[in-house]
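Below is one structure, written out as C-alpha cells; the observations come after it.
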Amino acid sequence: MNPQLQAVIDELHSASERLRRLAATVPAERWAERPGPERWSVGECIAHLNLTSQAYMPKIAAILADAPRTGAPARFRRDFLGWLIWRVLKPGGGGKAKTTAAFIPTGKEPAADIIATFEDLQRQQEEVIRQSDGMPLHKLKVGSPFSDKMKYSVYSALTILPRHQHRHLLQAERAWAEISARG
C-alpha cells in the first residue's frame with residue numbers, strides 16, 4: 001500500500017475513533033440538542049459528514065472503475081484547488097462557508113443510526129482507497145459534490161474527506177462542550 005494512501009486510511013480511522021469517544025460522552029437523547037439557534041447539534045455535524053461521504057463516494061468509485069491500474073507516482077501531490085480546499089478545511093482554522101442545501105442535515109435521525117451510517121461509510125471509503133492503490137489518482141479528476149464548477153484530483157478528494165471529518169468532529173465536540181456546560 002502506498003504510504004500516502006495508508007495515511008489517508010489512518011486519518012479515517014482517527015475520525016472513527018474520535019466519533020466513538022464522542023458517542024461514549026454524549027447521551028443519545030441529547031444528540032439533537034443545539035448549542036444555539038443557528039448552530040448545529042452533535043447529530044447534525046455527523047449527519048452532514050454522512051451526506052458528504054454519500055455524495056463523494058459514488059463519484060470517486062465511478063471514476064476509479066474505469067481508471068488504469070498503472071501510473072501511480074512515487075509520491076502523490078494535491079492539485080492547486082484540492083490543496084486550497086484541504087488547507088481551508090483545517091480543523092479549528094477559522095475559514096467558514098455555508099454549505100449548500102443538499103448537505104444541510106435534518107437532525108431527525110437517531111444517534112445510533114447516524115453513527116452506524118458513519119461507520120459504514122468509513123469502511124466503504126477505506127475499501128475504495130485500498131482498491132485505488134497503484135492508480136494515477138493525481139491525474140484523475142472528480143467534480144465536487146458541492147459545486148459542479150470545481151474539479152480536482154481524486155487524490156485531493158481522498159485527502160479532503162478525512163480533513164472535513166475532523167473539522168466537523170471538532171465542531172461537534174465544541175457544541176457538546178457548550179451544551180454540557182449549561183447543564
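One residue stands out in region 64-80 among those that are open to solvent by 50 Å² or more (accessible area, probe 1.4 Å) and assigned to a helix (DSSP H, G or I): the one that is nearest to L140 (Cα to Cα), namely A65.
Results for (1) modelled with pLDDT under 80; (2) not aliphatic (A, V, I, L, M), shown as yes or no for each residue.
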residue	(1), (2)
G36	no, yes
S53	no, yes
M57	no, no
A67	no, no
G71	yes, yes
G82	no, yes
R87	no, yes
P91	no, yes
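When residues in region 104-114 are screened for being charged (D, E, K, R) and either crowded, with 16+ Cβ neighbours inside 10 Å or without any contact (Cβ under 8 Å) to a residue 40 or more places away in the chain (or both), 2 of them pass. For region 4-59, the tally of residues that are over 28 Å from V142 (Cα atoms), open to solvent by 80 Å² or more (accessible area, probe 1.4 Å) and assigned to a helix (DSSP H, G or I) stands at 5. State yes or no: is G107 touching an Asp or Glu at 6+ places or on another chain (Cβ under 7 Å), under 30 Å from V26 (Cα atoms), among the small types (G, A, S) and in a loop (DSSP other than H, G, I, E, B)? Yes: the conditions hold for G107. Scanning region 115-169 for residues that are touching a helix residue (DSSP H, G or I) at 6+ places or on another chain (Cβ under 6 Å), in a loop (DSSP other than H, G, I, E, B) and open to solvent by less than 40 Å² (accessible area, probe 1.4 Å) yields L137, L140, P145.
Note on region 134-171: among residues that are out of contact with any His (no Cβ under 6 Å at 6 or more places or on another chain) and among the polar types (S, T, N, Q), the one that is farthest from Q6 (Cα to Cα) is S147.
The values are calculated or read from the model by the stated rules, or taken from the named source; none is laboratory data. Only a predicted model underlies this, so the values are computations on that prediction, with no experimental measurement involved. Here the Cβ is made from the backbone with ideal geometry for all residues, glycine too, and neighbour counts use every protein chain on show. Accessible surface areas use protein heavy atoms only, side chains included; no ligands, DNA or RNA. Shrake-Rupley method; radii C 1.70, N 1.55, O 1.52, S 1.80 Å.
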